[in-house]
Amino acid sequence: MNQELNFFEYPDGRLDTLNAAKYLGLSLKTLAMMRSRGTGPKFIKPGRIFYYKGDLIEWLVSKGKMTTTAFYRSKEKPPEKQEERPCTRIVL
């Protein structure tokens, strides 16, 4: 059984924490704990925390283990690399 998951993605490929957690099949708290421990996917913080969808897919693939939801989400083709982001975390 394959369920469709609805989430909001900004035009530039960013997802906020709620939508990133939905996409990964994780709870908000789990994603926050991973972020604080440095074990989660790359994120940026220009005031609010955002994740790029391509970074989420790369993180899923690199981990090897994933939830069923995340497995199906990772089957999507990752977006083309736009430009190299020199910093993974930006704190303002």
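Every read-out reported here was derived from the displayed coordinates using simple, explicitly stated rules and does not represent laboratory data. Everything numeric here is computed off the predicted structure, so don't read it as measured data. We place every Cβ from the backbone using ideal geometry, glycine too, and count neighbours over all the protein chains shown.
Look at Asp12, Asp55 and count the other Cβ atoms within 10 Å of each Cβ; fewest to most, that gives Asp12, Asp55.
Taking other C-beta atoms within 10 angstrom as a stand-in for reagent exposure, Leu28, Leu56 fall in the order Leu28, Leu56, fewest first.
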